[in-house]
Ligand SMILES: Nc1ncnc2c1ncn2[C@@H]1O[C@H](COP(=O)(O)OP(=O)(O)OP(=O)(O)O)[C@@H](O)[C@H]1O
Ligand SMILES: [Mg+2]
């Protein structure tokens, strides 16, 4: 099985502080659907940051899509991020841009023709039920609507892997279901999915893997 993420003895943390992860061993196979669980403050967001090069490993090894995350230079990290779909815990939408332009951003960066950008963006906005908000700005949307826009942006360019930090955290039951269905559709198209969450949906009807972080350790829950 081809691995898209592979970590050995991975140590992660911040300056002048006990490491958040003290020697993690785990991997994610291509095409897998993975939930990342653990109490608040256990290190889910920290681990996600390490996957896109937001922080460097303190020691150990970490490979993401064949890139050595200990050594990779900024050029390699930029091209890796373009192949990823990232949903941040605080959304990180660009305030000066409309929702439509925010969602379109990964397509513009990838250099798609204008009509493809328009079509694909319209499709994703429809999926997350935000067509009527296309021309609005992020601060005119509710938290949950911004979260759905962030999910649409992460999926719009059919990335290799989606890494989503509590993508349903602020959503009501119906909207959470909409987002989960969208992530399942992405998975069905062969995209690897990693979701940090406090709640694995109770009737989740796909095979999935759970990685659990607690007290500086990470392990797979069988
Ligand atoms: N930039 C930072 N500088 C120093 N410490 C940090 C920084 N970011 C996070 N931490 C610390 O690292 C630990 C893990 O935080 P992290 O955000 O990864 O947890 P989490 O599992 O995502 O929590 P939550 O479920 O609340 O989102 C916490 O103790 C936190 O205080
Ligand atoms: Mg977090």
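Readers should treat all values here as calculations from the given coordinates under stated rules, not as data from a laboratory. These numbers come from a predicted model, not from an experiment. When we count neighbours, we look across all protein chains shown, and the Cβ atoms used for this are built from the backbone with ideal geometry, even at glycine.
Annotation note: of 124, 206, 107, 130, the sole residue that is under 17 Å from residue 93 (Cα atoms) and over 18 Å from the mean Cα position of the chain (by Cα) is 130. Of all the criteria given as (1) more than 16 Å from ligand 2 (Cβ to nearest atom); (2) assigned to a helix (DSSP H, G or I); (3) within 17 Å of the chain's Cα centre (by Cα), the one not satisfied by residue 158 is (2).
When the residues of region 71-89 are filtered to those that are surrounded by 15 or more Cβ atoms within 10 Å (Cβ to Cβ), outside any helix (DSSP H, G or I) and more than 16 Å from ligand 1 (Cβ to nearest atom), the one that is farthest from the chain's Cα centre (by Cα) is 72.
Being in contact with a helix residue (DSSP H, G or I) (Cβ under 7 Å, 6 or more places away or on another chain) and either in a loop (DSSP other than H, G, I, E, B) or within 11 Å of residue 180 (Cβ to Cβ) (or both) is the filter here, so list the residues in region 198-222 that pass it.
Looking only at region 198-222, we keep the residues that are in contact with a helix residue (DSSP H, G or I) (Cβ under 7 Å, 6 or more places away or on another chain), and these are 201, 206, 213.
Of everything in region 198-222, those that are in contact with a helix residue (DSSP H, G or I) (Cβ under 7 Å, 6 or more places away or on another chain) and either in a loop (DSSP other than H, G, I, E, B) or within 11 Å of residue 180 (Cβ to Cβ) (or both) turn out to be 201, 206.
Of all residues in region 190-208, those satisfying the criterion of being surrounded by 12 or more Cβ atoms within 10 Å (Cβ to Cβ), closer than 22 Å to residue 218 by Cα and in contact (Cβ under 8 Å) with a residue 60 or more places away in the chain are 192, 193, 194, 195, 196, 197, 198, 200, 208.
Show me the strands (runs of 3 or more DSSP E) entirely contained within region 1-61 in which 2 or more residues are within 14 Å of ligand 2 (Cβ to nearest atom). Even if it seems obvious, please write down each step before you answer.
Numbers: elements: 3-12, 21-29, 33-37.
It comes to 33-37.
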